[in-house]
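Undergrad: First, the structure itself, so that you have it in front of you.
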Amino acid sequence: MGQSASTASLQIRRDSTSPGHSPGHGHGHGRRSGSKASPLLSPMLADGADAADAADASDYISQLPDECLACVFQCLGTGDRKRCSLVCRRWLAVEGQSRHRLSLNARADLLPLVTSLFSRFDAVTKLALKCDRRSASIGDEALDLISLRCQNLTRLKLRACRDLTDAGMARFAKNCRSLKKLSCGSCAFGARGMNAVLDSCASLEELSVKRLRGLAGDGAAAEPIGPGVAAASLKTICLKELYNGQCFGPLIIGSRNLRTLRLFRCSGEWDKLLQLMADQANGVVEIHLERLQVSDIGLSAISNCPDLEILHLVKTVECTNMGLMSVAERCKLLRKLHIDGYKANRIGDEGLIAVAKHCANLQELVLIGVNPTKSSLALGIVW
């Protein structure tokens, strides 16, 4: 009984809320009105135009300016950016115009794609061109097209681009004068191409060269590189695995604002060059010497850099306590010292005691292949 009464009262309330209901209407008429009420509960869906307007009103992303959309893209990873570029034409255009960093497989078959590729990515400032050793790389024509499309390029990395010549690098340097960082490894161009970059790119701040195969000659017979107009702006020079790396001597000596010098596994005798460098560029802050033919004469020259803060001596077997003492006594700002003695036992307590006494700012000391005793450790040296 109670159940029936409750059901009846619920039906009456539904009828009373139906459009067109008045107290004088019967139950049958109320039911007919109730059957027509369901489509009126969603008036926005009743009209197709109204539904479209509602969808437009809620599409806030389409109302974002291109600049804001570009900022969102710049917070995404490479994979997410690629997926976003497939959403619509506008996103494709904005993603391409806001991409400043690009890495490409620099094989020879890249040439026919260069024009269309850099029409889309027309704001690239950092470019990496990498080719595997078993494939033919891009040549001068492709690099020339890239330089014409990316004249605001500030960073360029070349890896195993063996078909690039001195002429191609010269044309590139003329078109991309805003270059600030150049890194090249296992390339085939030589001193003329490198000099063309140094003569054209007055804003160059960082140069990294590894296994540059086009460097001809040996020792004094090698064509000198530098200094060029870039010597005034260069702050970092890194040379790796160069058979005749001393041809960069004029560049190192002429870079008066040099702050960081890294030399890895470069053949030849380096003491004299370090002496000349210290006389000209004594504001060097970091020096890294690894598997280099350098002796205490070179370390004594390095001690003429009073601002030196970081020194790495890795497997420089001719360096002894005398050279380290010279550095410790005159480079009082030294805060990081890494020594790999390569089990030569030429650096030990005497040199480390000098470091402990004179380098009050030392924060990091790494010793490999060095055998200190309690005589030096007792002074507070921790390794």
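None of the figures in this text is laboratory data; all of them are computed from the coordinates on show. What you are looking at is a predicted structure, and each value in this text was computed from that prediction instead of being measured. Don't worry about glycine lacking a Cβ; one is built from the backbone with ideal geometry, like all the others, and counts go over all protein chains shown.
Undergrad: Just grab the label-to-label distance for residue 267 and residue 202, each label 7 Å out from Cα along the Cβ direction, in nm (one decimal).
TA: For the pair residue 267/residue 202, the computed spacing is 3.9 nm.
Undergrad: Then there's this: What ranking, highest mean first, results for peptides 325-338, 242-255 when packing means the other Cβ atoms within 10 Å averaged over each residue?
TA: On the way: 325-338: 19.1, 242-255: 22.6.
By packing density, highest mean first, the sequence is 242-255, 325-338.
Undergrad: Hey, with R₀ at 56 Å, roughly what FRET efficiency would residue 329 and residue 116 work out to, going by the Cβ-Cβ distance, to 0.05? Each step should come with its number before you reach the end.
TA: Numbers: r = 62 Å, r/R0 = 1.10.
Rounded to the nearest 0.05, the efficiency is 0.35.
Undergrad: Taking N as the number of residues in region 102-236, what is its alpha-carbon radius of gyration divided by 2.2 N^0.38 Å?
TA: Values: Rg = 14.1 Å, N = 135, 2.2 N^0.38 = 14.2 Å.
That ratio works out to 0.99.
Undergrad: Another question, then. What nm value, rounded to one decimal, do you get for the distance between residue 211 and residue 66 when each label is placed 7 Å out toward the C-beta?
TA: With each label placed 7 Å out from Cα toward Cβ, I get 4.3 nm.
Undergrad: Right, here's the next one. To make sure I understand the rule: partners must be aspartates and glutamates, Cα under 17 Å from the Cα of residue 235, and not fewer than 8 residues away in the same chain. Which ones qualify?
TA: Reachable aspartates and glutamates: 199, 205, 206, 279, 286, 307, 309.
Undergrad: Starting from the Cα-Cα distance between residue 279 and residue 88, subtract it from 0.36 nm times their residue separation and give me the gain in nm to one decimal.
TA: Working: separation 191, 0.36 × 191 = 68.76 nm, distance 6.00 nm.
Stretched fully, the residue 279-residue 88 segment lengthens by 62.8 nm.
Undergrad: Of 82/130; 240/357; 240/343; 82/240, which sit over 30 Å apart, Cα to Cα?
TA: On the way: 82/130 20 Å; 240/357 34 Å; 240/343 23 Å; 82/240 35 Å.
Pairs exceeding the cut-off: 240/357; 82/240.
Undergrad: Would you calculate the separation in nanometres between label points at residue 357 and residue 130, each defined as 7 Å from the Cα along the Cα-to-beta-carbon direction?
TA: In this crude label model, residue 357 to residue 130 measures out at 4.9 nm.
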